[in-house]
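Undergrad: Can you keep this structure in mind? I'll have questions shortly.
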Amino acid sequence: MLNFLVTFIPRAIMQGIPLLYGSTGEILTEKSGNLNLGIPGIMYMGAISSVIGAFYYETFTPKDSMNPLLAVLIPLVCCLIGSLLIGLLYCFLTVSLRANQNVTGLAITTFGVGFANFFGGSLIKLSNAEVPAIVLGGTSGYIKTTLPFANKMGWFGQLFLSYGFLAYLAIIIALVASYVLKRTRTGLHLRAVGESPATADAAGINVVKYKYVATCTGSMIAGLGGLYYVLDYSNGIWSHNAFGDRGWLAIALVIFTIWRPSVSILASILFGGLYILYLYIPTGTEMAIKEIYKMFPYVITLLVLIIVSLRKKREDQPPMSLGLPYFREER
Amino acid sequence: MEAVKNAVRMEGITKRFGNVVANNAINLELHEGEILSLLGENGSGKTTLMNMLSGIYYPDEGQIYIHDKPVTIASPKDAFDNGIGMIHQHFKLVDVFTATENIILGLNEEGKMNLKEAGKRIKEISQKYGFDIDPEQKVYNMSVSQKQTVEIVKVLYRGADILILDEPTAVLTPQETDKLFAVMRNMQKDGKSLIIITHKLHEVLEVSDRVAILRKGEYIGDVLTKNADQQSLTDMMVGRAVSLNIDRPMPVDPQPRLEVKGLTVYDELGVKRLNDITFTAYSGEILGIAGVAGSGQRELLEAISGLYPIAEGSIIYHNPKTNQTGDMAGKDPLEIQKSGISMAFVPEDRLGMGLVGSMGMTGNMMLRSWRKKKGIFLDKKEPERVANAVWKELEVVTPSVDFPVRRMSGGNVQKVLVGREIAQDPAVLMTAYAVRGLDINTSYTIYNLLTAEKMKGVAVIYVGEDLDVLLELCDRLLVLCGGQVSGVVDARTTDKRQVGVLMTRVGGKNNEK
């Protein structure tokens, strides 16, 4: 049993990290009153942007002369730029032009997934690979680097130290986001914008600026989840629809954690575990049972929604103006 | 006596909204350390004037001086910087935040956010002026009065020495009002200057040192409170009667059509909005309903049309076709319609409750008639005919009957709405603020339409705000004050003064009964 846990939990954590990035990003976004359903697309954008960066770096640099720092920085910067641009697009449409947030978000998801698969396909063509996939082993090797003594520490090392730096970064970002939201003036102002933009506006807070900054920062954080998945978890292998439907799971996680990034750290591991649980059921079980296992994360999200709604605690409700555009003229 | 210093001086302030002049060349002074009442009827421009002090509007003409220095106030922040704080009628608070969080919201003080320190300062301010406030309490747990306290402390926390309170007592119980007045006097003692906007005369006399009166956007004058009484203030507030020459034939064969008996309603907060309202509306007459804003006019009309829950009382309808009577209290609009009561309601919120903005005239006509036809398909012919008739007869300016009503001007929207309701051939026609925001010509069109309905034998109920119109258009006036019937008067023989007194005090002085 202990053996099972020591192998299962690290897998769950690695599955959970992209979800943690996605949900932290979405929480920041939603706290500003923007319901960004484009998160799945944005995570695809982050993934493909980093893949493009890594692909060209690996193509133009012989494997043995690769600079570790550049190998990490290039995909990282590409990922941030890619997800920032699409976050800006979302903001421009919903904040400046006041388009419907649901429609815009869904459009961005469709666009992001399509964009990633299109350019992913192009890169696969360029690389003349025999299988329909790109393998960025070099870059991935650097990104996955763990502490040198991790292997020597037995189960402790395997549980806590066997991950690349991006996994720890996700937890740090979630903790920082949690602190900013709860304890700083910026967080207070951001929450006010999401709760009641008219009140924030009257108090002299620049509503548009807060919405833009929170949503774009959120997009960039979510994009990192895509990068982590492809270049760390999948060992740098990109194929069609590589990222799956994890973006939706990240959004479900936002509701599950009732808008708390710190709770998301453990909840994402739970979700990650549930997401791959079907791999661990005895072989020979019917395929249909597997599909039921895959439903678990969504089922418990629904349960949380029901419980939270029944408790009617105001702090547990979504930000009050979530999904609504803000017009200053409508006083 | 030392010379008075001015905390605020407004000189020649004019503000227009489109063609409407909300404030015309107003000169107003607020002396240091005094409480000034700004008195005027609804729509007289009080709030507009104060919004220019607090930076929400910018004056078209004129100059504002703060402590005798000319200033430009272009935003709420400028107002704060000049020590001006306004407490609006609608509170601007974040519900899930604590009092402290709301108070420090938007402030960029040095260093880390320190809620404990801020809470201490809030406690200090509260003790100084006699507020009762818990800095840790969440706003959604607060009563209206506590929310108001948070708003006032918010302004004081920012160091304001000129406070403007926009109808602060409208939402308070008498006990809470007394507490507020005590706090206001404490602030005055501390050297702050206050303006209180109100239309309640007894409060003016109780709390203020001086009264300034506005009427229809004009500055009428100011008096020291000690030299004023209810009568003199009412005279200044309502002014002399103006003749409007609205055609008013005598009612023909009036019969009771709608009898309201002992109607009482409560709003969702449990506050009594209508208290034991009893009156009768007769066929062939226009019954005007007068009262300062928020005296229960909206609740009354909505209760009659089945949109507002009724706690007590009955509404008896006399059906002119069958000569039957029935109680319609407690029925919803559909049940009322089904039981053969033909009633039309022109709500004040035209595009919210009255019409669907993105549909054309035809579509909006259909809203009233689609239920009459059986089958799954809509009959467009009949509504189109009505729409065309309304378009021609009421001279609605629109490119076609399918043009979205949202994009029409206010007057045309109102014509569509009134036209639709009249086309139903109602036995009772209720209108709320039917001419609000309309120009003179359109207003007269509406008056004539209502008079024509009255001559057809319809019982018309007209809720209005302009006393001159009410006195010339209606046959009888029902005056509401604080959700109670303050009096019923004959519009032909009464005068503005009497109605004004009834509006501000239940029963007034010269009660007819």
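The values are calculated or read from the model by the stated rules, or taken from the named source; none is laboratory data. Because the structure is a prediction, the values reported are computed rather than measured. We place every Cβ from the backbone using ideal geometry, glycine too, and count neighbours over all the protein chains shown. Areas reflect the complete protein model, heavy atoms only, side chains present, ligands, DNA and RNA absent. Shrake-Rupley method; radii C 1.70, N 1.55, O 1.52, S 1.80 Å.
Undergrad: How many residues are touching a strand residue (DSSP E or B) at 6+ places or on another chain (Cβ under 7 Å) and either in a helix (DSSP H, G or I) or charged (D, E, K, R) (or both) if we restrict to segment A:122-151? Don't jump to the end; show me each part of the working.
TA: Initial filter on segment A:122-151 (touching a strand residue (DSSP E or B) at 6+ places or on another chain (Cβ under 7 Å)): A:123-124, A:127, A:132-135.
If we keep only those that are either in a helix (DSSP H, G or I) or charged (D, E, K, R) (or both) as well, we get A:123-124.
Looking only at that region, the number is 2.
Here is a yes/no grid of residues against (1) among the polar types (S, T, N, Q); (2) out of contact with any strand residue (DSSP E or B) (no Cβ under 9 Å at 6 or more places or on another chain):
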site: B:T362; (1), (2): yes, yes
site: B:G375; (1), (2): no, yes
site: B:M408; (1), (2): no, yes
site: B:P426; (1), (2): no, no
site: B:S443; (1), (2): yes, yes
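Undergrad: Over 25 Å from B:L480 (Cα atoms) and open to solvent by 60 Å² or more (accessible area, probe 1.4 Å): does that describe B:N323?
TA: Details: over 25 Å from B:L480 (Cα atoms): yes; open to solvent by 60 Å² or more (accessible area, probe 1.4 Å): yes.
So B:N323 fits the description; yes.
Undergrad: Give me the pairs, please: first residue somewhere in segment A:81-93 and farther than 14 Å from A:V103 by Cβ, second residue anywhere and hydroxyl-bearing (S, T, Y) and surrounded by 24 or more Cβ atoms within 10 Å (Cβ to Cβ), beta-carbon distance under 6 Å, and either six or more positions apart or on two chains.
TA: Cβ pairs passing all conditions: A:G82/A:S49; A:S83/A:S219; A:G87/A:T215; A:G87/A:S219; A:C91/A:T215.
This table checks each residue for (1) touching a helix residue (DSSP H, G or I) at 6+ places or on another chain (Cβ under 6 Å); (2) not in a loop (DSSP other than H, G, I, E, B).
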| site | (1), (2) |
| --- | --- |
| B:T451 | no, yes |
| B:K454 | no, yes |
| B:V460 | yes, yes |
| B:E465 | no, no |
| B:V469 | no, yes |
| B:L478 | no, yes |
| B:G487 | yes, yes |
| B:T494 | no, no |
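Undergrad: So which residues in segment B:52-67 are small (G, A, S) and either surrounded by fewer than 18 Cβ atoms within 10 Å (Cβ to Cβ) or over 19 Å from B:I195 (Cα atoms) (or both), if there are any at all?
TA: B:G62
Undergrad: Counting only residues that are within 14 Å of chain A (Cβ to nearest Cβ) and buried (at least 18 other Cβ atoms within 10 Å of the Cβ), how many does segment B:120-146 have?
TA: Qualifying residue count, segment B:120-146: 2.
Undergrad: If I ask for residues that are farther than 25 Å from A:G244 by Cβ and among the hydroxyl-bearing types (S, T, Y), which ones from segment A:57-95 would you list?
TA: Matches in segment A:57-95: A:Y57, A:T59, A:T61, A:S65, A:T94.
Undergrad: Could you list, in sequence order, all residues of segment A:174-202 that are touching a residue at least 40 places away in the same chain (Cβ under 8 Å) and hydroxyl-bearing (S, T, Y)?
TA: The answer is A:S178, A:S196.
Undergrad: Moving on. Select from segment B:48-86 the residues that are polar (S, T, N, Q) and not in a loop (DSSP other than H, G, I, E, B) and write down the one among them that is nearest to the other protein chains (Cβ to nearest Cβ).
TA: Per the criteria, the residue is B:N51.
Undergrad: Follow-up question, since we're still on this one. Could you say whether any residue in segment B:216-229 is outside any helix (DSSP H, G or I), over 28 Å from B:I133 (Cα atoms), open to solvent by 10 Å² or more (accessible area, probe 1.4 Å) and basic (K, R)?
TA: Yes, some residue in segment B:216-229 is outside any helix (DSSP H, G or I), over 28 Å from B:I133 (Cα atoms), open to solvent by 10 Å² or more (accessible area, probe 1.4 Å) and basic (K, R).
Undergrad: Scan segment B:87-104 residue by residue and report those that are in contact with a strand residue (DSSP E or B) (Cβ under 6 Å, 6 or more places away or on another chain) and more than 10 Å from chain A (Cβ to nearest Cβ).
TA: Quick first cut of segment B:87-104, residues in contact with a strand residue (DSSP E or B) (Cβ under 6 Å, 6 or more places away or on another chain) only: B:87-89, B:98.
Residues satisfying the conditions are B:I87, B:Q89, B:T98.
Undergrad: Follow-up question, since we're still on this one. Just need a number here: residues in segment B:326-356 that are assigned to a loop (DSSP other than H, G, I, E, B) and either buried (at least 16 other Cβ atoms within 10 Å of the Cβ) or aliphatic (A, V, I, L, M) (or both).
TA: Total meeting the criteria: 9.
Undergrad: How many residues, within segment B:470-491, are more than 17 Å from the chain's Cα centre (by Cα) and open to solvent by 10 Å² or more (accessible area, probe 1.4 Å)?
TA: So the answer is 6.
Undergrad: OK, next. Tally time: how many residues in segment A:262-320 are touching a Gly at 6+ places or on another chain (Cβ under 7 Å) and either of a type outside the set (S, T, Y) or farther than 26 Å from A:L169 by Cα (or both)? Give the derivation first.
TA: First, pick out the residues of segment A:262-320 that are touching a Gly at 6+ places or on another chain (Cβ under 7 Å): A:268-269, A:271-272, A:319.
Retained after the next criterion (residues that are either of a type outside the set (S, T, Y) or farther than 26 Å from A:L169 by Cα (or both)): A:269, A:271-272, A:319.
Number of matching residues: 4.
Undergrad: Hand me the list of helices (runs of 4 or more DSSP H) wholly inside segment A:152-197 holding 3 or more residues that are among the small types (G, A, S) and within 11 Å of chain B (Cβ to nearest Cβ).
TA: Ranges flagged: A:185-195.
Undergrad: Checking the structure you have, find out if any residue of segment B:183-204 is under 26 Å from B:G296 (Cα atoms) and surrounded by fewer than 18 Cβ atoms within 10 Å (Cβ to Cβ).
TA: Yes, some residue in segment B:183-204 is under 26 Å from B:G296 (Cα atoms) and surrounded by fewer than 18 Cβ atoms within 10 Å (Cβ to Cβ).
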